[in-house]
Amino acid sequence: MKRYRNGEIWDFEHEVAVATNRPVILGLDGGTTSTVCICMPIMPFSDPLPDPLPVLARAVAGCSNHNSVGETAARETLEQVMADALSKSGSNRSAVRAVCLAVSGVNHPTDQQRILTWLRDIFPTQVKLYVRNDAVAALASGTMGKLHGCVLIAGTGTIAYGFTEDGREARAAGAGPVLGDWGSGYGIAALALTAVIRAHDGRGPHTMLTSTILQTLGLSSADELIGWTYADPSWARIAALVPVVVSCAEAGDEVANKILKEAVQELALSVKAVVQRLGLCGADRKNSFPLVMVGGVLEANQRWDIGREVMDFISKDYPGAHPIRPKSYLLCPDMVFGWGRFRLVEPAVGAALLALNEFMKECVQEAYRR
């Protein structure tokens, strides 16, 4: 095993004695805002799974999207969060049997292969490694590791991703802010900032967004907003203004309401595109399928409930879509919420369940070949 750049990340292993030699798996959910790693023990894949799930440790770090912070910073974040989770669980890399890294920005097989090559330098050769887009883990978080149905993520960025039971997959959006992640936190906030500038120079209508955003940022004029925006145009920093847009919409501001309504339509269109391409709704458009909805934009903690509006929009065309939503996106590892036979856990747990599922399948296949 090699140490990538910062060798001290793994220095704790010299002090860890795994007396029970307990085998573990790691599940990672890496996004533009934060990265979470879950360490879980190997367990029989039963139906239903234990409730609560046996989470040994949870670690959190910053952004790991290489398109946002660069490859070097993304790698260091991912390595640190894995080391933290193993250290907290009293384990080390020798105990790891499988790792599922689900990270935003993985959009092509070359992305997967680059990350797999890097992971292989960190873990022993017998460790099973899986790299997927973070939307796949988000879907698994609502279907307890089974890849079937559709997921809509709307946080700093947005993506819709779906799977059929026979393994076909499709995605919509998720191309980043330059190529139009409309409906995302960044997209909503960027339109709000644009509305402020347009109102300031006379191209757009007056809006509450001007005074509210300036007060939130501690600025005295819209002219200062230009400097604030380009001083650090990071996606998460811009997206953090979404609650301001929602509060203005709730107060009756027409411009803010228009921005949110357009976001709802864009998010719903992403889901519809995936559902149509995969035929999840069936020939009569009434087949039942799970729709996992996660991300800060979709939180149901305000009167202007974007997630509910999106679901209402989708249900008109696909009455068989069954929403699986968290009460809060910041879930503790053992918190679950139910609909039917599905429970919702945080996406990093979904990634761990994917790793467990794939690991058990490979073990069965290897045993059969013998």
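Numbers at a glance
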| quantity | calculated |
| --- | --- |
| Boolean, residue 84 is over 18 Å from residue 36 (Cα atoms), of a type in the set (Asp, Glu) and assigned by the TED database to the domain that holds residue 139 | no |
| Subset of segment 43-79 [touching a Pro at 6+ places or on another chain (Cβ under 6 Å) and at pLDDT below 90] | 54 |
| Which listed residue is within 25 Å of residue 364 (Cα to Cα), surrounded by 15 or more Cβ atoms within 10 Å (Cβ to Cβ) and of a type in the set (S, T, N, Q), from 126, 112 | 112 |
| Residue among 185, 180 that alone is open to solvent by less than 50 Å² (accessible area, probe 1.4 Å) and either aliphatic (A, V, I, L, M) or touching a residue at least 40 places away in the same chain (Cβ under 8 Å) (or both) | 185 |
| Long-range neighbours under 6 Å by Cβ, at least six apart or interchain, first residue touching a residue at least 60 places away in the same chain (Cβ under 8 Å) and open to solvent by 20 Å² or more (accessible area, probe 1.4 Å) within segment 156-168, second aliphatic (A, V, I, L, M) and assigned to a strand (DSSP E or B) | 161/151 |
| Scope segment 300-344; condition surrounded by 21 or more Cβ atoms within 10 Å (Cβ to Cβ), at pLDDT 80 or above and assigned to a loop (DSSP other than H, G, I, E, B); matching residues | 318 |
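The values are calculated or read from the model by the stated rules, or taken from the named source; none is laboratory data. Computed from a predicted structure; not experimentally measured. As a convention, Cβ positions derive from the backbone with ideal geometry for all residues, glycine included, and neighbour counts pool all protein chains shown. Surface areas here come from the heavy atoms of the whole protein model, side chains and all, with no ligands, DNA or RNA. Shrake-Rupley method; radii C 1.70, N 1.55, O 1.52, S 1.80 Å.
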